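Everything below concerns the one structure shown next.
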Amino acid sequence: MIWFLLMLFALLAGMALPAQFSINAVLRSHVVSPYLAAMISFFIGTCVLLIVTLSVDKGIKIEREILQQPWWIWTGGALGALYVLATIILIPKLGAANTIAYILTGQVVMSIIIDHYGLIKVPVHEISAPRIGGALLIIIGVILVQKF
């Protein structure tokens with residue numbers, strides 16, 4: 001049952017992305033700058049997460065050891081900013097479906113690489129014929145979405 005709820009949560013999060021991308025693209029048209037639109041989006045998201053953190057976690061607790069962790073653990077926010085900025089720039093030029101299709105292809109390819117080599121402390125899941133086949137089907141889907 002937990003697996004089903006987690007899958008449902010992932011599907012809902014995935015469904016939220018095209019809406020977020022499109023909303024941010026409209027925001028861009030009102031504030032003119034894709035950078036300002038991305039900043040506004042992240043600011044609102046930060047406010048929401050602050051409220052959730054204060055409500056659910058009963059405050060913010062940061063241990064001193066966090067400063068002794070690898071430098072790259074801090075890059076997630078920068079990668080998220082790149083992701084949001086890219087969608088704000090791409091949606092008006094490529095459309096929602098093409099933007100999502102290209103992003104999805106990049107996500108699957110990079111995920112397979114991360115899994116295969118166990119990068120970023122992810123458990124190893126070696127590349128296999130079915131995984132490559134799945135990635136190729138997504139790439140074929142991207143081509144079909146782009147052409148039609």
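The values are calculated or read from the model by the stated rules, or taken from the named source; none is laboratory data. Computed from a predicted structure; not experimentally measured. These area figures cover heavy atoms from the full protein model, side chains too; ligands, DNA and RNA do not enter into them. Shrake-Rupley method; radii C 1.70, N 1.55, O 1.52, S 1.80 Å.
Does region 67-148 come out rounded, prolate or oblate, given a ≥ b ≥ c as the square roots of the eigenvalues of its C-alpha gyration tensor, rounded meaning a/c under 1.5 and, failing that, prolate meaning a/b above b/c? Oblate, because a/c is 1.5 or more while a/b does not exceed b/c. On a per residue basis, the chain carries 74 Å² of accessible surface, using protein heavy atoms and a 1.4 Å probe.
Can you pull the percent of the chain's accessible area that's carbon plus sulfur, 1.4 Å probe, other chains left in place?
Reported share for carbon and sulfur atoms: 76 percent.
Among T46, T87, T105, the largest mean-square fluctuation in a Gaussian network model of the chain (Cα springs under 10 Å) belongs to T46. Couplings for region 18-27, taken from phi via the Karplus curve 6.51 cos²θ - 1.76 cosθ + 1.60 with θ = phi - 60°, read x, 5, 4, 4, 5, 4, 5, 5, 5, 4 Hz in order; Gly and Pro are left as x.
Considering only I112, I66, I120, the mean-square fluctuation computed in a Gaussian network model of the chain, springs between alpha carbons under 10 angstrom, is largest for I66.
Considering only G134, G106, G14, the mean-square fluctuation computed in a Gaussian network model of the chain, springs between alpha carbons under 10 angstrom, is largest for G14.
Evaluating 6.51 cos²θ - 1.76 cosθ + 1.60 at θ = phi - 60° for every residue in region 109-125, the Karplus couplings come out as 4, 5, 4, 5, 5, 4, 4, 4, 9, x, 5, 6, 6, 8, x, 6, 9 Hz, glycine and proline recorded as x. Straight-line cross-link reach from K147 at under 17 Å between alpha-carbon atoms covers these lysines, not counting any fewer than eight positions away in the same chain: K93.
In units of the rule-of-thumb radius 2.2 N^0.38 Å, the chain shows an alpha carbon radius of gyration of 1.23. Helix-only arithmetic for the chain: the sum of -39500 (n - 2.57) across DSSP H runs with n ≥ 4, divided by the residue total, places the mean residue ellipticity at 222 nm at -26500 deg cm²/dmol.
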